[in-house]
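K.L.:
Sharing a structure, written as structure tokens. Questions coming.
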Amino acid sequence: MNKMVVNTPAEKKGSFLSKPGSQKFIVLLVVICLFVFFSIFSPNFRKYTTILSIMDYSYYIVLMAIGVTFPLITGGVDLSIGTGLICYSLAGGYLVVHCGWPTWAGMIVSVLFGVLIGTLNGTLVSIMSLPPFLATLCTCMITRGLGSICSKSFGISWPTSGSEGSWFRDIFKITIGDTKYPLGFVWVLLLVLLMAFVLNHTKIGRYTIAIGSNKEATILSGINVKFYHIMAYVISGLFAGLASIAYSAVFSTVQPGTGAGFELEAIGGAIIGGVSASGGSGSVGGSLLGVFVICLLKTGLPYIGLQANWQQIITGLVLIGAVMVDILKKRKAATV
Amino acid sequence: MGDTILTMNEIDKSFPGVHALDHVNFEVKKGEVHALMGENGAGKSTLMKVLTGIYTKDSGSIVFEGKEVEFHNTREAQDAGIVIVHQELNMLGHLTVAQNIFIGREFKKGIRIDDKKMNEEASKLFQKLHIDIDPTEMMSNLTVGKQQMCEIAKAISHEAKVIIFDEPSAALTETEIEELFKIIRDLRKQQLGIVYISHRMDEIKVITDRVTVMRDGGYVGTLITKECTKDDIINMMVGRVIYEDPKTESAVPKDAPVVLKVEKLNAGRMVQDVSFELRKGEVLGFSGLMGAGRTETARAIFGADPKTGGDIYINGQKVEINSPQDAVKYGIGYLSEDRKRFGIVVQKSVAENSTMAALENFVKGLFIDKKKENKIAQDYVESLATKTPGVDQLVVNLSGGNQQKVVIAKWLIRNCDILIFDEPTRGIDVGAKNEIYKLMNRLAEEGKSIIMISSEMTEILRMSDRIVVMCEGRKTGEIDISEASQEIIMNMATREIG
């Protein structure tokens, strides 16, 4: 039998970087290096209070990042999480502060509001086939307005430490004796472990990756893609709701009209942590670490004398770097 | 061969403007490998898509295991035991092999997906099929051949009773094809019914029991492989009456200069050592089956895709073409297959599209000279007889044939002497087709040189002075129109090279 020999290359040897999850270790290294770097160059940075501060300001971003990892893995994005979390906080807070609702009820409202908007996002993207960028940009603007409406344009201060109903702040930072402990980190870590399990070992996570990898093929495999696609955005909305609680707990006042830009830190953190812009790959742990890189830069740079603007420029450059690594990985994998 | 397991009776299916399946009959027995053959557009894929529920038939019946069935989606067909291994792999690159095979039917322990069990089951499956693949390997790290093996394993794991292979060997190495055939022989022993869609004659001869040929949406006939020859099959594939008169001899004078010479062009798998010449005023037809590499060759010449080797000479001089910009500079214009994606800017006007490749001639300082642009667009609308209410009309509102004329005008305004037409009359009605043919002839008479890539045999025979035939990335034949016939071309298009 005369056959034309088709030249196919040998199987790709997995270099370290091509193994899934390898980026996480590099980011972990970066986090440790940054921490060491700032500690060496600034004695003030090494203080325990600084660590506490970094933790406090990171919770809401980490929670957003955990949630937004899911739409990102499907190849989409959720831009509504920033203004969204402010909106959910204002809504719950209004009920607590001005309507006498108990704090826990306000918290539940915040989270449910997040789930609601998440479902809206999911429906727009999955059922009405709007491009995710557009759909979530619109809900971003909607939640910005809604937030103001809910709070009647006033800032809201959830119950402050010491007052009745302020127990929820202790969830994140608890005072035992004379020292404060960043308890929030424990919860965040647990949530990371939980969502990592969801992503890697449950149908929701598996199909989220499948949709991001090849939506057509997933549909052809008989999977209810419409449902699982919506779920990715519901998860994002849920975690925006949880993030709103973290935000309310850490900051004394929540102002309407703010929040725009929070999503960039969360999404940036996810990308640094290994989420691919084109979908299909990423990890929850990686997103956590990526957010830490951004938070360390945000809080650390002032300690070595660089003001806030520089920190944004450097964060932007680090992000470009992360996206380029992603593109280079893709290009290498595509050379068949 | 056992009893009949599947019968498709008088299947009829039409799409707007196209009668894709014309009362087609097809039957598969248990324990047989039944080849389904035909040219591009014959209806093989459409027939299989009707069977597996991707399309709904207009009329006819499908009888499977003695019962009449109708599938509304691939899941239903799969569950019934009819599975198709597609030509384009449907795989999820970011998941492992085992995860791909069992996608949608994962083993679970409560809420947790049991990846360990999936890996074990996948291993068992691979052992049964004598395939050597690690189920924990990431799908995107496998070679295309191994990925195809996984698709086949996945199809089999559905406890299929009928498996359809659509051009399975296209991406496989010789060894992998041997492995594939071993698997197919195994499946045949297990009394599965196997449909094998392919154009590789030699393979058909080796592995199949019967051959069914389709042509232009209709059923031509079924032969027993052992008892027929390659010529018998080819006759069935092309034996049609051509209504438009084929060209009988080349219109190009013997001493016409060579305007384009391509020597040992290489661009990946689809373009291997392709060499040919194009003479002034000639229409050179490029024939071959889908996937032969003709578009890839054209794109490599035009600089749209990178080439890995080969030289291009224009009017005797060697030129470096690394991008379409270079190609256009040297006077080459390329009308791509997919007008809407690569040819026209849909939301812009006739005038704007016409001057797009030569805009620098219409610029005064920083601004575009709209008057000049409109005038020249109007000139070409008249000379090409483009039907449009005006040059301001948005191209999206024109019919296919007229859109094509706008693209042609674009390259003429650019003063291209070498024009590559890729499937120039695809999606265009008969009347407009004739106009495009007249136009091409006129351009050739005026001294332009044309390469015409076409999958329509009648078009090739009607328009070409000479014909180059490609198969799987290589040039497999070259023939003057005076000696050409459908059979000869089809022979060259299905030839394998040792």
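K.L.:
Residues that are farther than 18 Å from residue B:249 by Cβ, among the charged types (D, E, K, R), modelled with pLDDT of 85 or more and not assigned by TED's automatic domain parsing to the domain that holds residue B:16: does the range B:479-486 have at least one?
P.N.:
Keep residues of the range B:479-486 that are farther than 18 Å from residue B:249 by Cβ, which gives none.
Within the range B:479-486, none of the residues are farther than 18 Å from residue B:249 by Cβ, among the charged types (D, E, K, R), modelled with pLDDT of 85 or more and not assigned by TED's automatic domain parsing to the domain that holds residue B:16.
Yes/no matrix, rows are residues, columns are (1) in contact (Cβ under 8 Å) with a residue 24 or more places away in the chain; (2) within 13 Å of chain B (Cβ to nearest Cβ):
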position: A:161; (1), (2): no, no
position: A:165; (1), (2): yes, no
position: A:168; (1), (2): yes, no
position: A:171; (1), (2): yes, no
position: A:174; (1), (2): no, no
position: A:183; (1), (2): no, no
position: A:194; (1), (2): no, yes
position: A:208; (1), (2): yes, yes
position: A:218; (1), (2): no, yes
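K.L.:
Here is a check on your reading of the model: is residue A:204 aliphatic (A, V, I, L, M), within 14 Å of chain B (Cβ to nearest Cβ) and touching a helix residue (DSSP H, G or I) at 6+ places or on another chain (Cβ under 7 Å)? Walk me through it before giving the result.
P.N.:
On the way: aliphatic (A, V, I, L, M): yes; within 14 Å of chain B (Cβ to nearest Cβ): yes; touching a helix residue (DSSP H, G or I) at 6+ places or on another chain (Cβ under 7 Å): yes.
Judged against the criteria, residue A:204 is a match.
K.L.:
I've got another one for you. Inside the range B:356-385, can you point out the residues that are modelled with pLDDT under 85 and among the β-branched types (Val, Ile, Thr)?
P.N.:
Within the range B:356-385, just B:363 meets the criteria.
K.L.:
So, one more: I need the full set of residues from the range B:116-131 which are surrounded by 15 or more Cβ atoms within 10 Å (Cβ to Cβ) and either in contact with a helix residue (DSSP H, G or I) (Cβ under 7 Å, 6 or more places away or on another chain) or more than 14 Å from every other protein chain (Cβ to nearest Cβ) (or both), in order please. Don't jump to the end; show me each part of the working.
P.N.:
Initial filter on the range B:116-131 (surrounded by 15 or more Cβ atoms within 10 Å (Cβ to Cβ)): B:117-119, B:121-123, B:125-126, B:129, B:131.
Those that are surrounded by 15 or more Cβ atoms within 10 Å (Cβ to Cβ) and either in contact with a helix residue (DSSP H, G or I) (Cβ under 7 Å, 6 or more places away or on another chain) or more than 14 Å from every other protein chain (Cβ to nearest Cβ) (or both): B:118, B:119, B:121, B:122, B:123, B:125, B:126, B:129, B:131.
K.L.:
When you go through (1) in contact with an Asp or Glu (Cβ under 7 Å, 6 or more places away or on another chain); (2) closer than 26 Å to residue B:76 by Cβ; (3) not basic (Lys, Arg) one by one for residue A:236, which number turns out not to apply?
P.N.:
Condition not satisfied by residue A:236: (2).
K.L.:
On to the next question. Filter the range B:150-181 down to the residues that are in a helix (DSSP H, G or I) and either closer than 16 Å to residue B:79 by Cα or away from chain A (no Cβ under 14 Å) (or both) and list them by number.
P.N.:
First, pick out the residues of the range B:150-181 that are in a helix (DSSP H, G or I): B:150-157, B:174-181.
Within the range B:150-181, B:152, B:153, B:154, B:155, B:156, B:157 meet the criteria.
K.L.:
Can you name the residue in the range B:27-52 that is over 23 Å from residue B:206 (Cα atoms) and more than 17 Å from the chain's Cα centre (by Cα) and is also surrounded by the fewest Cβ atoms within 10 Å (Cβ to Cβ) among such residues?
P.N.:
Here the answer is B:52.
K.L.:
What's the number of the only condition in (1) touching a helix residue (DSSP H, G or I) at 6+ places or on another chain (Cβ under 7 Å); (2) assigned to a helix (DSSP H, G or I); (3) not small (Gly, Ala, Ser) that residue A:104 fails to meet?
P.N.:
Failed condition: (1).
K.L.:
Scan the range B:235-255 and tell me whether some residue there is among the β-branched types (Val, Ile, Thr), in contact (Cβ under 8 Å) with a residue 24 or more places away in the chain, under 30 Å from residue B:146 (Cα atoms) and in contact with a helix residue (DSSP H, G or I) (Cβ under 6 Å, 6 or more places away or on another chain).
P.N.:
Looking through the range B:235-255, none of the residues is among the β-branched types (Val, Ile, Thr), in contact (Cβ under 8 Å) with a residue 24 or more places away in the chain, under 30 Å from residue B:146 (Cα atoms) and in contact with a helix residue (DSSP H, G or I) (Cβ under 6 Å, 6 or more places away or on another chain).
K.L.:
Pick out, from the range B:254-373, the helices (runs of 4 or more DSSP H) lying fully within it that include 3 or more residues that are touching a Ser or Thr at 6+ places or on another chain (Cβ under 9 Å) and surrounded by 14 or more Cβ atoms within 10 Å (Cβ to Cβ).
P.N.:
On the way: elements: B:294-302, B:324-329, B:350-354.
The helices (runs of 4 or more DSSP H) meeting that bar are B:294-302.
K.L.:
Between B:103, B:82, B:111, which is among the hydrophobic types (A, V, I, L, M, F, W, C), within 8 Å of another protein chain (Cβ to nearest Cβ), crowded, with 20+ Cβ neighbours inside 10 Å and in contact with a helix residue (DSSP H, G or I) (Cβ under 9 Å, 6 or more places away or on another chain)?
P.N.:
Details: B:82 fails: within 8 Å of another protein chain (Cβ to nearest Cβ); B:111 fails: crowded, with 20+ Cβ neighbours inside 10 Å.
Answer to the check: B:103.
K.L.:
Among what's in the range B:88-99 and is within 9 Å of another protein chain (Cβ to nearest Cβ) and out of contact with any Ser or Thr (no Cβ under 6 Å at 6 or more places or on another chain), pick the residue that is surrounded by the fewest Cβ atoms within 10 Å (Cβ to Cβ). It would help to see each step written out before you state the result.
P.N.:
Filtering the range B:88-99 for residues within 9 Å of another protein chain (Cβ to nearest Cβ) gives B:89-95, B:99.
Pick out the ones that are also out of contact with any Ser or Thr (no Cβ under 6 Å at 6 or more places or on another chain) and you get B:89-91, B:95, B:99.
Values: B:89: 17, B:90: 19, B:91: 22, B:95: 22, B:99: 23.
The extreme case among them is B:89.
K.L.:
Mind checking which residues of the range A:127-150 are farther than 13 Å from residue A:78 by Cβ and part of a helix (DSSP H, G or I)? Lay out the reasoning, then the answer.
P.N.:
Quick first cut of the range A:127-150, residues farther than 13 Å from residue A:78 by Cβ only: A:127-129, A:141-142, A:144-150.
Those that are farther than 13 Å from residue A:78 by Cβ and part of a helix (DSSP H, G or I): A:127, A:141, A:142, A:144, A:145, A:146, A:147, A:148, A:149, A:150.
K.L.:
If you don't mind, there's one more thing I want to ask. Mind checking which residues of the range B:25-81 are under 25 Å from residue B:157 (Cα atoms), of a type in the set (Lys, Arg) and in a loop (DSSP other than H, G, I, E, B)?
P.N.:
B:30
K.L.:
Filter the range A:220-238 for residues that are out of contact with any Ser or Thr (no Cβ under 9 Å at 6 or more places or on another chain) and within 14 Å of chain B (Cβ to nearest Cβ); which is nearest to residue B:98 (Cα to Cα)? Before you say what the answer is, go through the steps one by one.
P.N.:
Keep residues of the range A:220-238 that are out of contact with any Ser or Thr (no Cβ under 9 Å at 6 or more places or on another chain), which gives A:223-224, A:238.
Subset that is within 14 Å of chain B (Cβ to nearest Cβ): A:223-224.
Details: A:223: 17, A:224: 20 Å.
Going through the qualifying residues, I end up with A:223.
K.L.:
Give the residues of the range B:443-498 that are β-branched (Val, Ile, Thr) and more than 14 Å from chain A (Cβ to nearest Cβ), sorted by residue number.
P.N.:
Within the range B:443-498, the first condition is being β-branched (Val, Ile, Thr), and the residues that meet it are B:450-451, B:453, B:458, B:460, B:467-469, B:476, B:479, B:481, B:488-489, B:494, B:497.
B:450, B:451, B:453, B:458, B:460, B:467, B:468, B:469, B:479, B:481, B:488, B:489, listed by residue number.
K.L.:
Kindly indicate whether residue B:194 is within 20 Å of residue B:85 (Cα to Cα), within 14 Å of chain A (Cβ to nearest Cβ) and either touching a residue at least 60 places away in the same chain (Cβ under 8 Å) or in a helix (DSSP H, G or I) (or both). Don't jump to the end; show me each part of the working.
P.N.:
Numbers: within 20 Å of residue B:85 (Cα to Cα): yes; within 14 Å of chain A (Cβ to nearest Cβ): no; either touching a residue at least 60 places away in the same chain (Cβ under 8 Å) or in a helix (DSSP H, G or I) (or both): yes.
Taking the combined requirement at face value, the residue does not satisfy it.
The values are calculated or read from the model by the stated rules, or taken from the named source; none is laboratory data. This is a predicted model, so every value here is computed, not measured. Cβ sites come from the backbone with ideal geometry, for glycine too, and all protein chains shown count toward neighbours.
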